[in-house]
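Let me give you the structure first, and then I'll get to my questions.
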Amino acid sequence: MATTPSTRPQNPKQLAPPPLVDLEGQTRQALEQEVEVVDFLKRAQWHRAAVLGANDGLLSTASLMMGVGAVHRDVKTMAITGVAGLVAGACSMAIGELVSVYSRYDIEVAQIKREAMNKALGAEEMGARKEKLPSPWQAAGASAPAFAMGALVPILAAVFIKEYKVRVAVVIVAVSVALFGFGGLSAVLGKARVVKSASRVLLGGWLAMGITFGLTKLIGSTGL
């Protein structure tokens with residue numbers, strides 16, 4: 001007896017052709033991700049310099065003004081001290097960033113050249129590695145204006161107030177708010193806990209201002 005072929009429909013999943021692999025799309029996506037990583041690294045370089053410069057300008061200028069204000073209470077002296085700290089600190093910050101980042105840049109370029117000579121790197125990979133290196137001038141250009149912006153906070157808080165005690169209180173409040181803000185911004189950029197990082201920066205700022213004020217007051221009382 002001959003057997004008749006089964007008329008039952010086959011599983012549609014078995015009949016479906018295998019999905020096509022979009023190699024072009026995957027390559028494009030990989031390139032976009034690589035470009036995004038490179039762009040993030042470049043942004044992180046001047047973000048770090050800018051946040052560090054602003055925080056340093058705020059804290060060092062405020063501490064300097066508080067220290068001098070412990071001996072000379074007039075508003076003019078505190079204001080001139082703040083402006084001098086702003087100019088000197090911005091220049092120092094820019095030069096420091098330039099030298100520091102250039103040192104790192106030279107070390108990494110030398111390492112890339114050594115790897116290329118040993119044929120561990122191809123020309124394309126060598127160029128990609130160089131593009132990811134930090135820019136010394138970009139770091140210097142970001143840190144100096146950021147330092148000046150941070151230094152302006154205590155200067156503007158003090159320059160319009162003649163009463164010494166009120167002036168000191170206003171400077172402390174303004175600097176505290178700015179320190180907490182800069183600390184939070186630094187935490188966001190570094191993907192850290194905002195409150196914890198900002199509180200750490202705030203406590204460090206209070207400590208720096210307190211030590212500067214106390215030591216200057218002590219030295220001033222000796223009549224030196």
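May I have the pair-distance distribution P(r) for segment 110-149, computed from all Cα-Cα distances with 5 Å bins from 0 and rounded to whole percent?
Using 5 Å bins, I get a P(r) of 6, 21, 21, 12, 10, 10, 9, 7, 4, 1 for segment 110-149.
Which entries of 130/196; 162/217; 76/217; 132/191 have Cα-Cα distances beyond 26 Å here?
Violating the 26 Å limit, Cα to Cα: 130/196.
Now for a separate question. Using the Karplus curve 6.51 cos²θ - 1.76 cosθ + 1.60 with θ = phi - 60°, work out ³J(HN,Hα) for each residue of segment 206-218 in order, rounded to whole Hz, and write x for Gly and Pro.
With coefficients 6.51, -1.76 and 1.60, one gets 4, 5, 5, 5, x, 5, 5, 5, x, 5, 5, 4, 5 Hz.
Within the set of other residues whose C-beta is less than 15 Å from the C-beta of residue 74, count the net charge using Lys and Arg as +1 and Asp and Glu as -1.
+4
I want to check the label-to-label distance for residue 192 and residue 176. Put each point 7 Å from Cα in the C-beta direction and report it in nm to one decimal.
The two pseudo-label positions are separated by 2.2 nm.
So how do 58-65, 78-85, 97-104 stack up, highest first, on mean other-Cβ count within 10 Å?
58-65, 78-85, 97-104
Mind giving me the nanometre distance, one decimal, between the label points for residue 102 and residue 88, set 7 Å out from Cα along Cα→Cβ?
So the label points at residue 102 and residue 88 sit 2.3 nm apart.
Let me ask you something else. Work through the residues other than residue 147 whose Cβ is under 12 Å from its Cβ and net out their charges, Lys, Arg +1 and Asp, Glu -1.
Charge balance near residue 147 sits at -2.
Give me a comma-separated list of calculated 3J(HN,Hα) values for segment 109-117, in order, Karplus coefficients 6.51, -1.76, 1.60 applied at θ = phi - 60°, integers in Hz, x for any Gly or Pro.
5, 4, 5, 5, 5, 5, 5, 5, 5
Still on this model: Hey, if you drop one equal point scatterer on each alpha-carbon of segment 43-219 and run the Debye formula without solvent, what base-10 log of I(q)/I(0) do you get at q = 0.10, 0.17 Å⁻¹?
Log10 of I(q)/I(0), two decimals: -0.48, -1.00.
Please give, to one decimal in nm, the separation of the simple spin-label points placed at residue 217 and residue 128, each 7 Å out from Cα toward the Cβ.
5.9
Find how much the distance from residue 115 to residue 165 grows on full extension, using 0.36 nm per residue of separation minus their present alpha carbon separation; answer in nm with one decimal.
11.8 nm
Roughly how many Å is it from the Cα centre of segment 114-156 to that of segment 55-97, as a whole number?
Going from one Cα centre to the other spans 27 Å.
Follow-up question, since we're still on this one. Give the residue list of chymotrypsin sites (Phe, Trp or Tyr not before Pro) in segment 139-208 that are DSSP loop and have at most 15 other beta-carbon atoms within 10 angstrom.
Here the chymotrypsin sites (Phe, Trp or Tyr not before Pro) that fit, given the DSSP loop and packing criteria, are 160.
Next question. Using a Förster distance of 45 Å, how high is the FRET efficiency between residue 200 and residue 74, based on the Cβ-Cβ distance and rounded to 0.05?
0.85
Rule-based calculations on the coordinates, nothing more; no lab input. No experiment lies behind these values; they were computed from the predicted model shown. Note that each Cβ is placed from the backbone with ideal geometry, even for glycine, and that neighbours are counted across all protein chains shown.
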